[in-house]
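Novice: Could you have a look at this structure, given as structure tokens, before my questions?
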Amino acid sequence: MEFSGIDNMRLRTFLFWFLGFSVFIIIYKLNAIESDVEKLRFLKETLSLNKQQLQLTEHQLQLIEHLYQNKVGQGLPIIYAITPTYWRHVQKAELTRVSQTLALVPNIHWIVIEDSEERTELVTNLLNDSKVVYTHLNAKTPPFEKLQKKEERWTKHRGIEQRNAGLQWLRDNLELGRDKGIVYFMDDDNTYSVKLFHEISKVKRVGVWPVGLVGGLNAEAPIVSGGVVTGWKTGWRSNREFATDMAGFAINLNLILEKTNAGFSYKMEHGLLESEFLSYFTTKAELEALADGCTKVYVWHTRTETPTVKGTIPYLEV
Ligand code: UGA
Ligand code: MN
């Protein structure tokens with residue numbers, strides 16, 4: 001089909017106005033976003049300057065900072081890190097290490113659940129001092145499920161009660177469709193690189209990666225072939241459907257909010273907590289192989305030696 005001179009002219013005029021209008025809309029939108037962030041920054045600074053009159057706590061200010069960073073970070077999903085913790089002499093040292101790593105992660109919401117009757121002063125102070133947005137809960141492990149002095153470590157599950165309390169908090173306080181995020185189980189004694197949280201931020205459904213210093217190997221890792229997870233390199237029962245440590249995966253919050261019955265149970269077989277939990281949500285072939293196709297180690301299953309403490313200085317919180 002041929003266009004006459006007049007048709008050609010009209011087409012050009014139309015294109016000219018169309019492009020002009022599009023550019024105008026884009027500039028207008030960019031300006032709106034810019035001033036939105038500006039307003040938020042102004043509001044944040046005003047609140048911070050007047051925190052005394054407004055009786056704002058440090059925690060509330062942190063929350064405002066968090067909201068601001070999320071707005072600026074545009075789209076970085078919040079990582080809900082669930083950490084069970086219990087009293088022993090190294091507790092404060094472990095939590096200090098973890099909290100100072102998390103202070104370097106802008107999109108974190110730390111859910112700390114104490115294995116205790118009540119929330120303790122030690123953990124309360126530590127969380128208040130940290131620069132991290134947090135939720136502080138407690139859930140005590142029933143005495144008959146607790147490891148006794150003479151029992152082998154592997155004969156009892158750890159962190160069941162506390163992780164379930166963390167999941168319950170998510171389901172009680174967040175809403176499917178409204179809240180976006182990723183859930184990660186973060187034990188208090190492991191060592192975490194900040195790079196791990198960049199990887200977790202990429203999770204669409206369920207992501208996996210290697211974990212260092214675990215299972216009698218230098219690392220356990222998913223086996224990836226053509227981008228797909230086909231199996232596991234582990235020191236123990238690598239035929240498990242999901243032969244990963246708790247530190248080796250993260251799940252989209254949507255899945256946690258959809259599958260309301262998914263959780264941990266004392267009835268689960270020993271060493272199968274992770275595998276049984278993951279079976280609620282995904283198949284092996286659907287897993288997302290993160291950390292450069294599972295070729296990098298960004299988390300280590302470190303364990304701290306129990307120190308011999310022969311005496312205590314009563315006025316020091318250690
Ligand atoms: C391994 C896995 O890494 C854990 O994620 C898993 O829960 C555990 O095995 C298991 O099979 O139950 P491991 O290093 O042996 O972990 O366990 P811990 O680090 O001693 O405990 C895991 C988490 O539970 C820690 O955050 C710890 O503070 C907490 N915990 C432990 C309690 O809250 N109460 C306890 O009595 C013991
Ligand atoms: Mn551990």
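The values are calculated or read from the model by the stated rules, or taken from the named source; none is laboratory data. Predicted model, so just to flag it, every value in this text is computed and none were measured. Positions of Cβ are generated from backbone atoms using ideal geometry, with glycine treated the same way; all protein chains shown enter the neighbour counts. Accessible surface areas use protein heavy atoms only, side chains included; no ligands, DNA or RNA. Shrake-Rupley method; radii C 1.70, N 1.55, O 1.52, S 1.80 Å.
Novice: Consider ILE78 carefully, then state whether it is open to solvent by less than 20 Å² (accessible area, probe 1.4 Å), farther than 22 Å from THR306 by Cβ and in contact (Cβ under 8 Å) with a residue 40 or more places away in the chain.
Specialist: Considered against the rule, which asks whether it is open to solvent by less than 20 Å² (accessible area, probe 1.4 Å), farther than 22 Å from THR306 by Cβ and in contact (Cβ under 8 Å) with a residue 40 or more places away in the chain, ILE78 comes out as no.
Novice: Okay, next question. Name every residue in the stretch 244-266 that is closer than 25 Å to ASP189 by Cβ and open to solvent by 20 Å² or more (accessible area, probe 1.4 Å), in order of residue number.
Specialist: ASP245, SER265, TYR266
Novice: Related question: Please work out which residue is nearest to the chain's Cα centre (by Cα), limiting yourself to the stretch 188-217 and to residues that are within 16 Å of ligand 1 (Cβ to nearest atom) and open to solvent by 30 Å² or more (accessible area, probe 1.4 Å).
Specialist: Out of the qualifying residues, it is THR191.
Novice: With (1) more than 28 Å from HIS270 (Cα to Cα); (2) assigned to a strand (DSSP E or B) as the list, and LEU126 as the residue in question, which single condition is left unmet?
Specialist: (2)
Novice: Say we look at the stretch 113-133 and pick out the residues that are touching a His at 6+ places or on another chain (Cβ under 9 Å) and touching a residue at least 40 places away in the same chain (Cβ under 8 Å); which of these is surrounded by the fewest Cβ atoms within 10 Å (Cβ to Cβ)?
Specialist: ASN128
Novice: Among GLU269, GLU276, GLU241, which is within 16 Å of ligand 1 (Cβ to nearest atom), outside any helix (DSSP H, G or I), open to solvent by 20 Å² or more (accessible area, probe 1.4 Å) and modelled with pLDDT of 95 or more?
Specialist: GLU269
Novice: Shifting gears a bit: Go through the stretch 285-301 and give me each residue that's in a helix (DSSP H, G or I) and surrounded by fewer than 18 Cβ atoms within 10 Å (Cβ to Cβ). First the steps, then the outcome.
Specialist: So the first thing to find is which residues in the stretch 285-301 are in a helix (DSSP H, G or I), and the list is 285-286, 290-294.
The answer is ALA285, GLU286, ASP292, GLY293.
Novice: I'd like the full set of residues that are in contact (Cβ under 8 Å) with a residue 60 or more places away in the chain and more than 16 Å from ligand 2 (Cβ to nearest atom), limited to the stretch 135-160.
Specialist: GLU145
Novice: Filter the stretch 154-187 down to residues that are farther than 22 Å from VAL299 by Cα and within 12 Å of ligand 1 (Cβ to nearest atom) and give me whichever is surrounded by the fewest Cβ atoms within 10 Å (Cβ to Cβ).
Specialist: The qualifying residue surrounded by the fewest Cβ atoms within 10 Å (Cβ to Cβ) is THR155.
Novice: Here is a further query. Quick one: how many residues across the stretch 221-238 are among the polar types (S, T, N, Q) and open to solvent by less than 20 Å² (accessible area, probe 1.4 Å)?
Specialist: Qualifying residue count, the stretch 221-238: 0.
A quick yes/no check of all residues on (1) outside any strand (DSSP E or B); (2) closer than 20 Å to LEU255 by Cβ:
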| position | (1), (2) |
| --- | --- |
| GLY177 | yes, yes |
| ILE182 | no, yes |
| ASP187 | yes, no |
| LYS204 | yes, yes |
| ALA219 | no, no |
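Novice: Just a yes or no: is a residue in the stretch 33-49 surrounded by 14 or more Cβ atoms within 10 Å (Cβ to Cβ), at pLDDT 85 or above and farther than 22 Å from PHE185 by Cα?
Specialist: Within the stretch 33-49, one or more residues are surrounded by 14 or more Cβ atoms within 10 Å (Cβ to Cβ), at pLDDT 85 or above and farther than 22 Å from PHE185 by Cα.
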